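K.L.:
Questions regarding the structure given below will be posed in turn.
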Number of protein chains: 4
Amino acid sequence: MTQRPETLGVAVIGTGKMGADHVRRIQEVTSGARVTAVVDVDAERAKSVAARVDGCTAHTDPAAAMAAADVDAVIVASPGPAHEAALLAAFEHDLPVLCEKPLTPDATAALRVVEAEQKLGHRRVQVGFMRRYDAEYMKLKALLETGQLGRPLMLHNRHRNVASAPGWTSEMLINDSVTHEMDVTRWLLGHEITAVTVLAPTPSGNAPDGIRDPQFVLFETDGGAIVDVEIFVNCGFGYQVQAEVVCERGTARVGDGHAMVTNAAGRWGGTIAQDFVERFVDAYDREVQAWVDATRRGEVVGPSAWDGYAVAAVCEAGVRSLRDGGRVAVELVDRPALYGG
Amino acid sequence: MTQRPETLGVAVIGTGKMGADHVRRIQEVTSGARVTAVVDVDAERAKSVAARVDGCTAHTDPAAAMAAADVDAVIVASPGPAHEAALLAAFEHDLPVLCEKPLTPDATAALRVVEAEQKLGHRRVQVGFMRRYDAEYMKLKALLETGQLGRPLMLHNRHRNVASAPGWTSEMLINDSVTHEMDVTRWLLGHEITAVTVLAPTPSGNAPDGIRDPQFVLFETDGGAIVDVEIFVNCGFGYQVQAEVVCERGTARVGDGHAMVTNAAGRWGGTIAQDFVERFVDAYDREVQAWVDATRRGEVVGPSAWDGYAVAAVCEAGVRSLRDGGRVAVELVDRPALYGG
Amino acid sequence: MTQRPETLGVAVIGTGKMGADHVRRIQEVTSGARVTAVVDVDAERAKSVAARVDGCTAHTDPAAAMAAADVDAVIVASPGPAHEAALLAAFEHDLPVLCEKPLTPDATAALRVVEAEQKLGHRRVQVGFMRRYDAEYMKLKALLETGQLGRPLMLHNRHRNVASAPGWTSEMLINDSVTHEMDVTRWLLGHEITAVTVLAPTPSGNAPDGIRDPQFVLFETDGGAIVDVEIFVNCGFGYQVQAEVVCERGTARVGDGHAMVTNAAGRWGGTIAQDFVERFVDAYDREVQAWVDATRRGEVVGPSAWDGYAVAAVCEAGVRSLRDGGRVAVELVDRPALYGG
Amino acid sequence: MTQRPETLGVAVIGTGKMGADHVRRIQEVTSGARVTAVVDVDAERAKSVAARVDGCTAHTDPAAAMAAADVDAVIVASPGPAHEAALLAAFEHDLPVLCEKPLTPDATAALRVVEAEQKLGHRRVQVGFMRRYDAEYMKLKALLETGQLGRPLMLHNRHRNVASAPGWTSEMLINDSVTHEMDVTRWLLGHEITAVTVLAPTPSGNAPDGIRDPQFVLFETDGGAIVDVEIFVNCGFGYQVQAEVVCERGTARVGDGHAMVTNAAGRWGGTIAQDFVERFVDAYDREVQAWVDATRRGEVVGPSAWDGYAVAAVCEAGVRSLRDGGRVAVELVDRPALYGG
């Protein structure tokens, strides 16, 4: 047992649905941390959240919160366009950050974050790609690493949501949903994605007008693998995330989720989760605990700013393929040494 | 119960592995039929097979067998290049034919068969796409036809063999294996395939030198569906055929094959079939029985010469995509009225 | 290929639901046999069935049918109380018989059949325990015979019907349903059943008044195994037959029936068969084909009159346990040499 | 969010495998608690564990630890025979206790604890039946509580361990293993167990000499249900805990554990957990967090001393049935009002 004398003081930037959930998690689930500050452009919301947490202050300016003596680390859960400023502020205070995905809304901004972290000279950012902390994906990764199935050749993914939120666009299927499969591909296979092709069947009659849903997305990788992703955000029946890796000597699949099996009314089977919270609640808990533990040890682990940048670049290629059709190559800058380049 | 006074006399053309198996099936499994003639260019082999069947004659010429008084119907199980001549001979004798796939090795020859049957003025050919007679695929088709899942949008297929036979080429993955998924796509969805794209990951280390195995094949259809096929003929672990149809309101998958589940040595699960005979023996039995029953009723059912032609045309597009890369459009002649055009 | 010159002429005794289905099966499914006579105490029904089969005569007396020159073998599908007379008539004509279960309604009568067959000096009877011909049970048996899981220690069975037919009694759960598990136990394990204990929970509210449904039945065997059977004939949701053998080094389970898996309306899973025909149609087909094939080879295989007798004796013990409570020992006569004693 | 100002100070009694794991859990996993004292008769072991935890003192006497100002609650993880004294000491200090199962080694001692807690006048004890905190069992319980499947009629359980520890006896299968199913039965069904019957097949050749393994245990309940438990502690292949509740209109099963499915080497399937830690780690985490949360709210929840007493009484009946054979009735005192009597 490592000695862990201090409790980590965390500032949570953004107190919307995701931020408020992180506050609850840090206070009620995570060991070794507490929320000492919350930040929101909506001062009333920040105050209202802070009021329920003992010893927690409310702010509207991220930098002010980061300057506080009892803030040791930062969770960024504000909207994507606000991430860059919050990250640069954290770099200024040299604070470790868990930044919800996306790192930034586009690859150019992501590259600026990567460069700023390089200037700092050490990693400070963990990006919130929480699937890496899902028990099933972790098993899959561990199996691949044994090498017993041989080299991965293909990766088949299914990603289904009950219904898209109001205001959802065809591009958001790539930018908000398939980003997870981009990260999963890079992490599971250890390859960079070199090209994207997006195919769109005739939309489902249940998709809102003008939304191309479902889509079928293909990645080619620098390791010679082919990856396919079915993204279907108005499938109606449940939230389902599945992945099958096909290797030289076998395949492995996760995400069938067969916890309880019932027989009733002429059918056997079970229920399908209805949203990502139900499916990935343990992954979020594990992600935040891992980040707190590493931070208390003085380490930075997990998905890096480089991972955030690479995914942003793949998104841009994917959106171009969706709009113009055909295969679009992904262009990345050289990988800096800080990220193992 | 329909009255069925006569036993159908069947000539089997070709007495290789598949032909000999059809002789056994007709004699020992099928109700209402018997083998009255066998044909093989190898006269000794034909004689040896005929000798084991009571009242069966041996021939080297298909036409001679078809002229015999006790031959009411024909099974063509000779090599693909011999199919066209056998089919035209059967048309001359106006005999019903069950023709093993492929109808012919190329689309041009297939079109000649289609045209010859049109001249005859009625259907005589059933093509041996036996997956249509597999219990699981039949369930899947029946479910789709209820409409309860809505319109099909995507179809995901897996087709895996333990190891390729000697002499196998990259093109044969398309021409000999994926032909089944071409037929399944057209039959399940009721769409024509309009374009093919073949992607090939770095080949498995277990593929013979020079064979691009696995491949990932995409179909677009005139019904706006996207279909993907993983074909992997040296997967090493078993023979596996799976299909998942994604519809507007749900999905349905067949081919998991979970008959017996064991717990032993740290693992739960079951065995995977090792070849297509084990997986599809019942489908072959059902196919031949259905053909015999229809023939005795004076009907022709099942996959038509048009289906054989359409698949041959998709194969040619697929091979071109494999060789040259990119998307290749499929060109079909107009569908004749005889085939519902 | 064995030469099989003759078509077996079969007399079907009893033309109720089961008998009529056997007539259809012999005529339309089975290879190498045809129905040449049907027998029913209801002369009109017999005539009406015979009229639909070419060359088939109608009778009201089994012995008359058996005397016909074109009758080579007999299927007994009349009600249980009529079995003994039909079997003894078949012995007189030395005809092979496939006798639907039960062999006879009680052990005393069954013993008389066993003794009559002994006098005849060779086996003539196959009892219709069709589960031995079910593909999954056959796999289970084959696995046990490899010995790789070690010695069987326990066998867990589930046997569920949607609803009991009118007139069903508590005893019929033992005599009509659990008889299958009695045969399965003896056949799979190769043990005789030495004691029976029947436990009955508070009946389901969906069971007809006065019917103790479900019941939980325990067998002890002379091989030291413990066998449990859940019998539930008003489960409402489907027809389900499952068996798990627990051996020294592993377990094996059949009957989960996962052919097609759907995702829809918040649930994954599949349909449950609604009756034994749907579940065991292939087993019946295989059973009758195996009986026809053996008969044409001059052999008698499958469950014997001894098996029918042993199951009748276990039934009597089971009914006594249900009525009086507690454990009831099973008493069998010594096994005659004709049945491997 | 509830305000939770204080961190709960916990004394852990017993620093063997289970106690040390609870120390780790409280320190590294649980939110809102820390270990302030550890107790062990082995002073060196206590000191060595305490040394790794900041601000933690070591004791050899439970009462001394409980007297410390920074001890707010107690976890009892010492051997069963030491539980009674530790519990009575906790009552004296009026401290909430999480007591590992068994409450005490026999029903008489358990009854003394029940009476002592009654004298105290309010509940202080939660017994460590952690299956109530397993996600799958919780789903099963929740489904039963909806009533949609109707009244529970039967409960089938499987409980398998890879191998028994040295010194294991036939009675320990009842007292150490089946205790979990006793608790599960009472909790899931809400019934008391009224009789136990233990049947033992010929032991597996892999069971240590003299150990009757496996055993098949039957419970009858005051709600008219029949419950069966297969307990097999030398099954060799894995740690497996399964439960199927059979209700009037359907059944529900947990414990199949199908997280990741692989295809390799001729087999599909997945791995089986190898011990209870792997299978129930999340249940332990959830149990301790729930106990900490309730304690901080000033509440006592979860399995009570009465539950511990009732299970001890069922164990005694079970051991008698194993020794003497046959059905043994369970005798309980009247349920006190403190426990809902």
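K.L.:
Return only the number of the condition from (1) within 14 Å of another protein chain (Cβ to nearest Cβ); (2) under 21 Å from C:Val288 (Cβ atoms); (3) over 16 Å from the mean Cα position of the chain (by Cα); (4) in contact (Cβ under 8 Å) with a residue 60 or more places away in the chain that C:Arg123 does not satisfy.
P.N.:
C:Arg123 satisfies all of (1) within 14 Å of another protein chain (Cβ to nearest Cβ); (2) under 21 Å from C:Val288 (Cβ atoms); (3) over 16 Å from the mean Cα position of the chain (by Cα); (4) in contact (Cβ under 8 Å) with a residue 60 or more places away in the chain except (1).
K.L.:
Right, next: Within the set of pairs 6 or more residues apart or between chains, which connect a residue that is closer than 8 Å to A:Val196 by Cβ inside the stretch A:311-335 to a residue that is charged (D, E, K, R) with Cβ atoms less than 6 Å apart?
P.N.:
If the second residue must be charged (D, E, K, R), the pairs left are A:Val328/A:Arg320.
K.L.:
More than 19 Å from A:Pro102 (Cα to Cα) and surrounded by fewer than 23 Cβ atoms within 10 Å (Cβ to Cβ) - does that describe any residue in the stretch A:165-174?
P.N.:
yes
K.L.:
Quick check on the stretch B:99-106. Is at least one of its residues more than 16 Å from the chain's Cα centre (by Cα) and either away from chain C (no Cβ under 14 Å) or within 19 Å of B:Val300 (Cα to Cα) (or both)?
P.N.:
no
K.L.:
Now for a different question. May I ask you to say which residue of D:Ala283, D:Ala290, D:Ala273, D:Ala225 is under 23 Å from A:Gly147 (Cα atoms) and more than 8 Å from chain B (Cβ to nearest Cβ)? First the steps, then the outcome.
P.N.:
Working: D:Ala283 fails: under 23 Å from A:Gly147 (Cα atoms); D:Ala290 fails: under 23 Å from A:Gly147 (Cα atoms); D:Ala225 fails: under 23 Å from A:Gly147 (Cα atoms).
One residue alone meets the criteria, D:Ala273.
K.L.:
What strands (runs of 3 or more DSSP E), lying completely within the stretch C:95-201, carry at least 3 residues that are in the same structural domain as C:Ala68 (by TED's automatic domain parsing)?
P.N.:
In the stretch C:95-201, C:97-99, C:125-127 are the strands (runs of 3 or more DSSP E) which contain 3 or more residues that are in the same structural domain as C:Ala68 (by TED's automatic domain parsing).
K.L.:
Mind listing just one residue for me: the one in the stretch B:86-114 that is among the acidic types (Asp, Glu) and under 24 Å from B:Ala68 (Cα atoms) and, of those, surrounded by the most Cβ atoms within 10 Å (Cβ to Cβ)? Give the steps one after another, and end with the answer.
P.N.:
Going through the stretch B:86-114, the residues among the acidic types (Asp, Glu) turn out to be B:92, B:94, B:100, B:106.
Keeping just the survivors that are under 24 Å from B:Ala68 (Cα atoms) gives B:92, B:94, B:100.
Values: B:Glu92: 13, B:Asp94: 11, B:Glu100: 21.
Among those residues, the one meeting the criterion is B:Glu100.
K.L.:
Of the residues that sit in the stretch D:1-30 and are of a type in the set (S, T, N, Q) and surrounded by fewer than 22 Cβ atoms within 10 Å (Cβ to Cβ), which one is farthest from A:Thr15 (Cα to Cα)?
P.N.:
That would be D:Thr7.
K.L.:
Here's another thing I want to ask about it. Looking at the stretch B:228-270, which of its residues are away from chain D (no Cβ under 11 Å) and among the polar types (S, T, N, Q)?
P.N.:
Answer for the stretch B:228-270, where residues must be away from chain D (no Cβ under 11 Å) and among the polar types (S, T, N, Q): B:Asn234, B:Thr251.
K.L.:
Something else now. Residue by residue through the stretch C:282-341, note down the ones that are in contact with a Lys or Arg (Cβ under 8 Å, 6 or more places away or on another chain), over 28 Å from C:Glu28 (Cα atoms) and β-branched (Val, Ile, Thr).
P.N.:
C:Val311, C:Val328
K.L.:
Something else about it: The conditions are (1) within 14 Å of another protein chain (Cβ to nearest Cβ); (2) of a type in the set (A, V, I, L, M); (3) without any contact (Cβ under 8 Å) to a residue 12 or more places away in the chain, and C:Ala135 fails exactly one of them. Which is it?
P.N.:
Going through (1) within 14 Å of another protein chain (Cβ to nearest Cβ); (2) of a type in the set (A, V, I, L, M); (3) without any contact (Cβ under 8 Å) to a residue 12 or more places away in the chain one by one, C:Ala135 breaks only (3).
K.L.:
What is the number of the single condition among (1) more than 18 Å from the chain's Cα centre (by Cα); (2) on the phi < 0 side of the Ramachandran plot; (3) of a type outside the set (Ser, Thr, Tyr) that D:Ile174 does not meet?
P.N.:
The failed condition is (1).
K.L.:
Identify all residues within the stretch B:190-222 that are closer than 22 Å to B:Thr169 by Cα, touching a Gly at 6+ places or on another chain (Cβ under 7 Å) and more than 9 Å from chain A (Cβ to nearest Cβ); write none if there are none.
P.N.:
Across the stretch B:190-222, the qualifying residues are B:Val196, B:Val198, B:Val217.
K.L.:
Any chance you could count how many residues in the stretch D:143-184 are closer than 22 Å to D:Gly257 by Cβ, away from chain C (no Cβ under 13 Å) and polar (S, T, N, Q)?
P.N.:
Residues that pass the stated criteria total 4.
K.L.:
Out of all the residues in the stretch D:303-332, which are among the small types (Gly, Ala, Ser), surrounded by fewer than 24 Cβ atoms within 10 Å (Cβ to Cβ) and closer than 23 Å to D:Arg123 by Cα?
P.N.:
Selection gives D:Ser304, D:Ala313.
K.L.:
How many residues does the stretch C:151-182 contain that are within 24 Å of D:Val229 (Cα to Cα) and of a type in the set (D, E, K, R)? Steps first, answer last, please.
P.N.:
Here is the first cut: in the stretch C:151-182, the residues within 24 Å of D:Val229 (Cα to Cα) are C:151-161, C:173-174, C:177-182.
The next check asks that each one be of a type in the set (D, E, K, R); those that pass are C:151, C:158, C:160, C:181.
The qualifying residues number 4.
K.L.:
Being under 30 Å from A:Gly236 (Cβ atoms) and crowded, with 17+ Cβ neighbours inside 10 Å is the requirement here; does A:Glu117 meet it? Explain how you work it out, then say what you get.
P.N.:
Values: under 30 Å from A:Gly236 (Cβ atoms): no; crowded, with 17+ Cβ neighbours inside 10 Å: yes.
Against the criterion (under 30 Å from A:Gly236 (Cβ atoms) and crowded, with 17+ Cβ neighbours inside 10 Å), A:Glu117 does not qualify.
The values are calculated or read from the model by the stated rules, or taken from the named source; none is laboratory data. Here the structure is a predicted model, which means the values were calculated and not measured. Because the Cβ atoms are built from the backbone with ideal geometry, glycine has one as well, and the counts that use them run over all protein chains shown.
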